[in-house]
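Below is one structure; the comments refer to it alone.
The values are calculated or read from the model by the stated rules, or taken from the named source; none is laboratory data. Predicted model only: the values in this text are computed from it and were never measured. All Cβ positions, glycine included, derive from the backbone under ideal geometry; neighbour counts span all protein chains shown. Areas reflect the complete protein model, heavy atoms only, side chains present, ligands, DNA and RNA absent. Shrake-Rupley method; radii C 1.70, N 1.55, O 1.52, S 1.80 Å.
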Amino acid sequence: MISHPSRHCTVELQALPSRIGQVRRIVSAQLRYWHLDSLIDRAALGVTELLTNVHLHARPDKTCTVELELLLDRLTVSVRDHDPRLPVVDDADPLATRGRGLAMVAAMSDSWGARPDGDSGKVVWFTLPTAAPAPRAAARPPRRTVQEAPAHPFPEVEQVGLGRPQPAPARSAVAG
């Protein structure tokens, strides 16, 4: 079942590998609809990791619900399943092929967590900011004021042999 109220989206599924790809596409389409294209890659990665955890670890079944909630300044992505055991972030061995999912979710999100959901389940969630941080003003040196001063004529230079004074050669200067 899929519901799409204006700022809320819920998808119920069995966390099987074929369904995880479908949910990733649903999440991407919903974020495009909300004009949040910049969040698609991180949200798709995060939901993939959370659904993979349900597929690998949840007992007694793989039934779960993915929920997207858009608030003013953040997107919350959560996955609810029927296994009451809360996830544990492991220190994965450098050569391990598994065990880094929650660490990746933590690294790419603003915040994340897990909480019990009633007597027979849990919710694992992460948040992403919806607004780009305001660019910092580049540090500029303070402006210097230029004071006007009267221009002095170049001195007259007498050239030997010509008998009359000649103006000095032109000079250039760069104000700085």
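Here are the numbers:
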| item | result |
| --- | --- |
| First in region 103-121 and aliphatic (A, V, I, L, M), second anywhere and part of a loop (DSSP other than H, G, I, E, B), Cβ under 8 Å, 6 or more apart | 103/89; 103/92; 106/89; 114/86; 114/87 |
| Qualifying residue in region 94-111 (condition: within 21 Å of residue 128 (Cα to Cα) and polar (S, T, N, Q)) | yes |
| Count of residues meeting criterion [farther than 12 Å from residue 76 by Cβ, open to solvent by less than 70 Å² (accessible area, probe 1.4 Å) and in a strand (DSSP E or B)] in region 114-133 | 2 |
| Yes/no for residue 81 being touching a residue at least 12 places away in the same chain (Cβ under 8 Å) and either aliphatic (A, V, I, L, M) or in contact with a Cys (Cβ under 8 Å, 6 or more places away or on another chain) (or both) | yes |
| Entirely in region 1-113, the strands (runs of 3 or more DSSP E) that have 2 or more residues that are at pLDDT 95 or above and open to solvent by less than 80 Å² (accessible area, probe 1.4 Å) | 63-70, 74-81 |
